[in-house]
1. Looking at the range 346-357, can you tell me whether even one residue there is in a loop (DSSP other than H, G, I, E, B), under 27 Å from the mean Cα position of the chain (by Cα) and at pLDDT 95 or above?
2. Working carefully through the options 450, 489, find the one that is within 24 Å of residue 178 (Cα to Cα), outside any loop (DSSP other than H, G, I, E, B) and touching a strand residue (DSSP E or B) at 6+ places or on another chain (Cβ under 6 Å).
3. Run residue 370 past the list (1) assigned to a loop (DSSP other than H, G, I, E, B); (2) touching a residue at least 24 places away in the same chain (Cβ under 8 Å); (3) closer than 30 Å to residue 79 by Cα and report the number of the one that doesn't hold.
4. Got at least one residue in the range 145-160 being buried (at least 21 other Cβ atoms within 10 Å of the Cβ), farther than 22 Å from residue 237 by Cα and hydroxyl-bearing (Ser, Thr, Tyr)?
5. Based on this model, can you work out whether residue 432 counts as in contact with a strand residue (DSSP E or B) (Cβ under 7 Å, 6 or more places away or on another chain), closer than 18 Å to residue 360 by Cα and hydroxyl-bearing (Ser, Thr, Tyr)?
6. When you scan the range 33-46, do you find a residue that is crowded, with 16+ Cβ neighbours inside 10 Å, among the hydrophobic types (A, V, I, L, M, F, W, C) and at pLDDT 90 or above, even just one?
7. For the range 262-277, does any single residue satisfy the condition of being free of Cβ contacts under 8 Å to residues at least 40 places away in the same chain, more than 22 Å from the chain's Cα centre (by Cα) and over 23 Å from residue 450 (Cβ atoms)?
Amino acid sequence: MWTDILLAGCVVLLIIIYKSIVYLPPKRTYELMKKLPGPRGLPLIGMGLDLVSVPQEDLFDFLHKLSLLPGRVTAMWVAGVPVVMLWEPEDLEVLLKSKENIKKGNEYRFFRIWLNNGLLVSSGEKWHKRRKLLTPSFHFRILESSAECMNRNARLFVEHIAGMKGEPFDIHNLVNCCTLDILCEAAMGVSLHTMNGENPGYVEAICSFGSATVQRVKNPLYRTDWMFRLFPLGKKIDEHMKYLHGLSEKIIAERKCKKSTYYDGSKQAFLDSLIELQSEDANFTDADIKEEVHTFLTGGQHTLASALGFSIYMFGLHPEIQEVAYKEQRDIFGYSSRDVTAEELPKMKYLEKVIKETLRLFPSVPYMSRKLSQDVILKDETIIPQGANLVMIPFLIHRNPQAFPDPEVFNPERFTSDKSAERHPFSYIPFSAGPKNCIGQKYAMMELKIVLSTLLRSMKIVSLTDRSTLKYIPSIVLEPSKPLIIKFIQRH
């Protein structure tokens, strides 16, 4: 056993050293990196072994210690790659407002087996053109057409909770199925009914892709596509990808042949909007349609499930906050359990503050990066060299005590208009910011409000997992280190 572990460790080390030598950055990059503060690590491999050896649940603690080192940035080498972490909102603004440095970091290439070159991972002229093309699909009037499927699935979500008859349970699977059902219907016009236990293969494939992507980031043996496919995990993911791509191609072909019996001209799926775009632009192919549908699903399902799960959990830990949010719903709906309308969403001001505070402490996307196509000059004239992987960690940025005093305290009142105006706008970036911000953030807020409103009006939430025992894992989205066990009590 120990021989196998030692052998595997030697192979990993050799791969790291090989990549460090083969992909040597220019001399200028070395000179500029020397001027930046940060740990030096080992020759050639830098901090590569340190990062690989850190357990996932301890990674934020490790990165937090790096953030406390002197200097406004933290620079280090990781297996031959220059990595610079930004902590100050003024510096984040410089990067995120840049119209040139929009290329995603090295880690995002592992998404391509599912997303190809969709909006999430594309850059340059293709990204600019595609963003302009897709933005109208997220206009609020068009988003309203998704409200019916959101309400219907929110009711089903509450029905499943009621079926537990007050027994505590781990909410992970149910929130994932709820958001997947909503996203698939909104994206493709197809009801998968995963909350009812149907289409387990789709659920397994989507979840496996997410966990495999994280493993590929961490494990050097999985980095190269051909090598990854030699391992059982790689073969398994290949099978899942064939299934997912085949299903999407079938749905797109059927959708183009006939109109849905559910969606009419005013109630379109995202796929319908893309098909209409294709009729206006012959260069927009079926492959382009597929990669954007997949991007919509990937960018939405995991992130919304994380946000929904943590929102429910925090309501259950803070009954006084839950009561204020419930009273707001009563003021809007009385004792009615009817659907939420688009006109009522802006009235849910306190619920929105709770969601924002949840995303501050538990940002669905806890880590973002950019590969610099040109130098970045920060506010203090510090130069970050072209080719560096520039890293932003919202999980830690949102815990800056200068922007958020007592950062571990859950306090929705941080997001009153006055207090938000006092903060630097780039101190809070749950949806990124600048020209490459999240195109679906209004959709996300709409879905979260509808599901949480429906839940709050029906159930009292009690969280049984002690927050002090939790650690957090930077998977494809933020995940708790242990199950979030929740008890629900019928209100009426």
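The values are calculated or read from the model by the stated rules, or taken from the named source; none is laboratory data. This one's a predicted model, so the numbers in the text were calculated from it and none came from an experiment. Positions of Cβ are generated from backbone atoms using ideal geometry, with glycine treated the same way; all protein chains shown enter the neighbour counts.
1. So the first thing to find is which residues in the range 346-357 are in a loop (DSSP other than H, G, I, E, B), and the list is 348.
So of that shortlist, the ones also under 27 Å from the mean Cα position of the chain (by Cα) come out as 348.
Within this subset, residues satisfying the condition of being at pLDDT 95 or above are 348.
Taking every residue of the range 346-357 in turn, at least one turns out to be in a loop (DSSP other than H, G, I, E, B), under 27 Å from the mean Cα position of the chain (by Cα) and at pLDDT 95 or above.
2. 489
3. Failed condition: (1).
4. Yes, that holds for at least one residue.
5. Working: in contact with a strand residue (DSSP E or B) (Cβ under 7 Å, 6 or more places away or on another chain): yes; closer than 18 Å to residue 360 by Cα: yes; hydroxyl-bearing (Ser, Thr, Tyr): yes.
Here the answer is yes, as residue 432 does meet what is asked.
6. Within the range 33-46, the subset crowded, with 16+ Cβ neighbours inside 10 Å is 33, 36, 38, 41, 44-46.
Those left that are additionally among the hydrophobic types (A, V, I, L, M, F, W, C): 33, 36, 44-45.
In the following step, the residues that additionally are at pLDDT 90 or above were identified as 33, 36.
Yes, the conditions are met somewhere in the range 33-46.
7. yes
To keep it simple, each residue is scored yes or no on (1) modelled with pLDDT of 90 or more; (2) within 30 Å of residue 485 (Cα to Cα); (3) hydrophobic (A, V, I, L, M, F, W, C); (4) in a helix (DSSP H, G or I).
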residue: 122; (1), (2), (3), (4): no, no, no, no
residue: 133; (1), (2), (3), (4): no, no, yes, yes
residue: 141; (1), (2), (3), (4): no, no, no, yes
residue: 144; (1), (2), (3), (4): no, no, no, yes
residue: 158; (1), (2), (3), (4): yes, yes, yes, yes
residue: 164; (1), (2), (3), (4): yes, yes, yes, no
residue: 190; (1), (2), (3), (4): no, no, yes, no
